[in-house]
């Protein structure tokens, strides 16, 4: 094995290491392209035959990747995708970028990690370096992954393979920080594993930050996202109070930002969306219970977030009520279903939850989003994006602004419609026809 | 009155305006000195005859002020202090810097503001500009101060005087940001009031940031401190969980700080102290109830903070227990009672609350703090700071590190005592004799 250790370090040094990436989604594909652009051989594993085909024909489907970058690395054979997980044995290193969702009871659903570990255990060669990138609760790498991999492979960590955790920090739509230039944390089970991981990732990523164990690295990612959940929940709650007190919370936030230390601005909105903030903290809450520990701050933030779609529906109802209209039978147009501006991702989007509740109350729900042609809500309703015509704007009873895409011309919209519920600070002032969060 | 308006603006322009400052404590005295250093005539009003004497003899008692600055402005007659509130009539502007504490039931105690307003109303001349700097709940200026001042003076706002809110942002011990170079927010009841306030404060303060109303300015300060309360509570809670999971939370925080966006580090400790963070958010919680609104995040943070002294006592008890000792009868030495490092302020210090609980359980409590010679706890116990001798360190059963003063030599302390409970990350690693939070 010391043989294998020298071997993989030599390959990393020579740039001849072959990297397998499991899962070619928002995290895995950018990571694969980032390695491949540095002329590292990447083999991407993906269960979706459709994604495999698209990658292998150089067709990009992730917003954070330049189309031309994907084309180039595929045509130059640095990146190949496959559905055949037995090819894991070709790889010197395997990086796992699979989803870690919650089930309908907000419990961690780690079946994708377990499945990835089985595939790896059954197929890897001796001397493989394995790292998990998916956000999960502390102890996952050591206590959940390790036994599965050892059992399936019949191999032993440190003797036959190395295991680490290195959390992805992908921020979809961030123009400045992409996979390659965002510092990356890594914690491995052993010192040798850490050395391999540091060397491997450094081929593609500028700044690596080592920590003492996988569980520390796991906690880092959860802390980052818990911080965001708690602060967004706080500002949402304060926004609702401020509304009642005739205080413009956005003006308050801009003023607070003039404090040169000890403050970071968060902005209110109709709720928390995306695949990280609404999920990750509940991974921690889950494992905390094993330690007889209740996480009150996360719990409270979760309760607030749960209530937001309802509170937003009440806002819509109150606004319609001023024009002597009920929700039931009114035409209500939602502008934007992406969970944040200028991206095409509607996962966990608060807009969809509000649409469900408004539809349930008899509202005639419709939406427009230039980036998302159709959606399916949590409760299973399906909608197609309508064209934002003058006719549509004039015929609806209420426009609800749920995402502040840069492409929206809010001034023009305000001139063409009778009632606006602005949940995203698209308008500075409230008027008789514009109601703010 | 338009006459008065031009008059005060002219005086501001000429630098001949006379500024009264009510309350010469942590906020008022630095503000007074900052104005006086800019050659503005300042008259400080203070009920404590002792403080008045000290100021008038040029003797400084606030850490953030250079002794020589106070001496200079007093000797050159730019600053004078008085107990005689009838002299408010000499002033063109009056700035209120009085305490806004909570009572024992965590309800806002605004008696100092009310009393200041009565003094001002009874004594001011026409054309006075009044601003409150004390942190308080939104609507205080408009709904609490205004009626009192109008009633006591028989004058009308805008016609006879102007009223504004401009929150102090004093951060005791901050070497970089002092009163003069910290941007300052101001919201006034009228445009003329805002113009006077901007001009007046700009004589002493580099960056003024105007907002649309006093209540917005009131909310700004509360947002800033609520943000801190919530985030310190969150990291304290995560630290307690991390301890159970064998995760070093400080290592986690350092690693999370490598994220170049969307994260701000807060550090755990034995609880929340000082005169702002533990108090201000509860002002907001109080007024929220008037609007039928419960602030769940603040409430939860408050609960966590309430429990911290108890949890820290349990930590001490568990650590002693490993050495087969009970709290009852053990000699327990607390290092540091200031609420943060390198200052002499023990207000709301968590150390005092832990000392109370440990003493209540029969512990033989003692403390050492180089900056604070004696303290009185919430429950009324009094202690004097002991000299930190080798003999003391060797004879106590447990040293509890509650404040991380730079003057402490932790390595030396560790070599001389048998058991340390480190609540402030003074030591990197846990050992058989050092237990971390």
- [ ] Could you grab me the full set of residues in segment A:405-437 that are closer than 20 Å to residue A:237 by Cα, out of contact with any helix residue (DSSP H, G or I) (no Cβ under 7 Å at 6 or more places or on another chain) and at pLDDT 95 or above?
- [x] A:422, A:424
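Yes or no, residue by residue, for (1) within 29 Å of residue B:53 (Cβ to Cβ); (2) assigned by TED's automatic domain parsing to the domain that holds residue B:11; (3) in contact with a strand residue (DSSP E or B) (Cβ under 9 Å, 6 or more places away or on another chain):
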site: B:80; (1), (2), (3): yes, yes, yes
site: B:111; (1), (2), (3): yes, yes, no
site: B:114; (1), (2), (3): yes, yes, no
site: B:146; (1), (2), (3): no, yes, yes
site: B:156; (1), (2), (3): no, yes, no
site: B:165; (1), (2), (3): no, yes, yes
Task: Odd one out for residue A:263 among (1) within 13 Å of chain B (Cβ to nearest Cβ); (2) more than 30 Å from residue B:138 (Cβ to Cβ) - done: (2)
TODO: Would you mind finding the one in B:139, B:128 that is in contact with a helix residue (DSSP H, G or I) (Cβ under 7 Å, 6 or more places away or on another chain) and in contact (Cβ under 8 Å) with a residue 24 or more places away in the chain?
DONE: B:139
- [ ] Could you grab me the full set of residues in segment A:340-370 that are over 17 Å from the mean Cα position of the chain (by Cα) and either in a loop (DSSP other than H, G, I, E, B) or on the phi > 0 side of the Ramachandran plot (or both)?
- [x] A:361, A:362, A:363, A:369, A:370
Open item on the list: Looking only at residues that are buried (at least 22 other Cβ atoms within 10 Å of the Cβ) and in contact with a strand residue (DSSP E or B) (Cβ under 7 Å, 6 or more places away or on another chain) in segment A:9-22, which one is nearest to residue A:83 (Cα to Cα)?
Closed with: A:22
Open item on the list: With the structure loaded, tell me whether residue B:293 is closer than 30 Å to residue A:245 by Cα and facing chain A (nearest Cβ under 8 Å) or whether it fails that test.
Closed with: yes
Task: Positions within segment A:247-269 being more than 29 Å from the chain's Cα centre (by Cα) and under 28 Å from residue A:351 (Cα atoms), in sequence order - done: A:247, A:248
- [ ] Sort out which residues of segment B:53-85 are under 21 Å from residue B:117 (Cβ atoms) and surrounded by 15 or more Cβ atoms within 10 Å (Cβ to Cβ), and write them in order of number.
- [x] B:81, B:82, B:85
TODO: Would you check if residue A:136 is under 21 Å from residue A:197 (Cβ atoms), part of a loop (DSSP other than H, G, I, E, B) and not assigned by TED's automatic domain parsing to the domain that holds residue A:301?
DONE: yes
TODO: Select from segment A:27-45 the residues that are part of a loop (DSSP other than H, G, I, E, B) and surrounded by fewer than 22 Cβ atoms within 10 Å (Cβ to Cβ) and write down the one among them that is nearest to the chain's Cα centre (by Cα).
DONE: A:38
Task: strands (runs of 3 or more DSSP E) enclosed by segment B:144-248 - at least 1 residues per element that are surrounded by 23 or more Cβ atoms within 10 Å (Cβ to Cβ) and within 7 Å of chain A (Cβ to nearest Cβ) - done: B:184-188, B:208-211
TODO: Please report, ordered by residue number, the helices (runs of 4 or more DSSP H) entirely within segment B:249-330 with at least 3 residues that are touching a residue at least 40 places away in the same chain (Cβ under 8 Å) and surrounded by fewer than 21 Cβ atoms within 10 Å (Cβ to Cβ).
DONE: B:296-322
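The values are calculated or read from the model by the stated rules, or taken from the named source; none is laboratory data. No experiment lies behind these values; they were computed from the predicted model shown. Heads up, the Cβs are rebuilt from the backbone with ideal geometry, glycines too, and the neighbour counts pull from every protein chain shown.
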